Structure formats: structure tokens, C-alpha cells
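Data block below; observations after.
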Amino acid sequence: MLRNEDVAEVLQRPEVLGRMVGFTDLTALHGEWIHEMVFGDKDYTLQAHREAFKSSCLAVAIPLYMVLYPDRNVIFLRKTDHDVGEMMNMVAKVLQSDVMRDFTQTNRGVQLKITEQSMDHITTNLWHLPMGAPQLRGLGIPARAEVGFVKASFGIRRFRMAGGIGLGCMGSLIILPNCGMGCLYFPVNKR
């Protein structure tokens with residue numbers, strides 16, 4: 001079981017959580033990226049070369065976000081359904097890890113469980129909103145539906161927008177009306 005001081009360390013240095021769940025190559029720099037994805041409140045653009053562990057950071061940031069903000073749902077957009085499925089599998093593995101269960105038990109006093117899971121959505125027992133949407137929804141963007149979408153080769157962009165934040169990830173870049181760019185969209189109310 002994680003102690004309160006372990007939870008505090010994860011909140012300050014989330015790369016520690018990443019290493020605990022198997023992303024052993026994550027460094028303090030990756031921790032800064034994850035921290036910004038989960039806790040940031042200003043526009044932020046991250047561009048890094050291939051194999052810089054951006055997706056690994058997302059696979060840690062999304063479950064951490066789901067546990068810390070269980071009243072907010074997440075929409076994850078990627079270039080293809082296959083890419084979405086890969087990320088959903090990574091997120092599910094992190095959520096089901098002993099470390100994440102211990103983190104949730106220590107931080108929230110609840111045993112973390114996945115209540116619904118498929119290649120396009122995940123919901124945990126922390127999600128109690130009556131809106132009917134899953135806690136995490138993943139959508140692939142087929143080539144024929146890319147009207148209004150612009151391709152990008154790499155990078156993550158975080159932006160504030162009315163009613164939410166967004167995170168963009170390598171693979172595709174979405175131009176959203178009146179709010180900038182991104183391809184990972186977290187429609188949440190930042191408090």
C-alpha cells in the first residue's frame with residue numbers, strides 16, 4: 001500500500017508513477033510533461049522527436065487525470081481506431097495496476113475498478129455522473145472525415161478553452177472552432 005507521502009511524491013513527480021507501472025524510461029522531464037497535462041491551466045505546446053515517450057506520458061496522464069478528477073469525462077482523439085485502441089489498452093493496464101489501485105485507495109479511500117471497457121471507452125467505479133457518457137471515450141478520425149483537420153507529425157498541445165482543456169498528441173492536429181489546436185480533447189471544467 002502506498003503511503004500518503006508516496007501519493008504526494010506522485011503528485012509532484014508523476015514520472016515516478018510511470019516508472020512504477022512499467023514505463024521505466026521516463027525521466028524528470030517526462031514528469032514535467034505529465035504534470036502539465038494533468039494540472040496545467042495555461043496554453044502549453046510540447047514538441048518532441050519520435051520515440052521521446054510522449055505516448056507513454058499520455059498513458060500515465062490519462063489514468064491519473066481520471067482518478068484525480070472523476071467527475072470530468074475525457075475524449076481522446078487519434079488518427080485511427082487502431083491507434084485509439086492501443087492507447088485504451090495502455091490506459092486500462094495502468095488503471096488495473098496494483099500501484100494505481102494503491103494510489104487510488106490512499107488518495108480517495110476507494111478500491112479502483114474498471115466497470116466498462118472496450119476499444120473505444122473506459123469507465124471506472126469513480127465515475128458517478130448521470131449523463132450516460134463514459135469516463136474516457138476514444139475516437140479514431142478516419143481519413144474521409146478529416147474535413148477541418150490538419151495533419152501534424154509530432155507534438156502535444158495543451159490549451160484552455162471555454163468549458164474545458166485540450167491536449168493534442170502526435171499523429172493528427174485538429175483545428176477546433178475558436179479555440180486553437182489539439183488532437184486530444186479533455187472537455188472539463190477547470191476549477
Inset, instruction - Filter the stretch 16-41 for residues that are in a helix (DSSP H, G or I), free of Cβ contacts under 8 Å to residues at least 40 places away in the same chain, of a type outside the set (G, A, S) and crowded, with 17+ Cβ neighbours inside 10 Å and give the result. - result: V16, R19, H30, I34, H35, V38
Legend entry - Residues within the stretch 105-115 that are under 19 Å from the mean Cα position of the chain (by Cα) and modelled with pLDDT of 95 or more, tallied: 4
Legend entry - Close pairs from the stretch 125-137: first in contact (Cβ under 8 Å) with a residue 24 or more places away in the chain, partner in a loop (DSSP other than H, G, I, E, B) and surrounded by fewer than 19 Cβ atoms within 10 Å (Cβ to Cβ), Cβ under 7 Å, at least 6 apart: L126/V110; L129/D71; R137/D120
Legend entry - Options L58, L11: the member that is crowded, with 18+ Cβ neighbours inside 10 Å, assigned to a helix (DSSP H, G or I) and either at pLDDT 90 or above or of a type in the set (A, V, I, L, M, F, W, C) (or both): L58
Legend entry - Number of the exception - I75 against (1) among the β-branched types (V, I, T); (2) under 17 Å from the mean Cα position of the chain (by Cα); (3) in a helix (DSSP H, G or I): (3)
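The values are calculated or read from the model by the stated rules, or taken from the named source; none is laboratory data. Just so it is clear, the model here is predicted, and its values are computed rather than measured. Ideal geometry is used to build each Cβ from the backbone, glycine not excepted, and the neighbour counts take in all protein chains shown.
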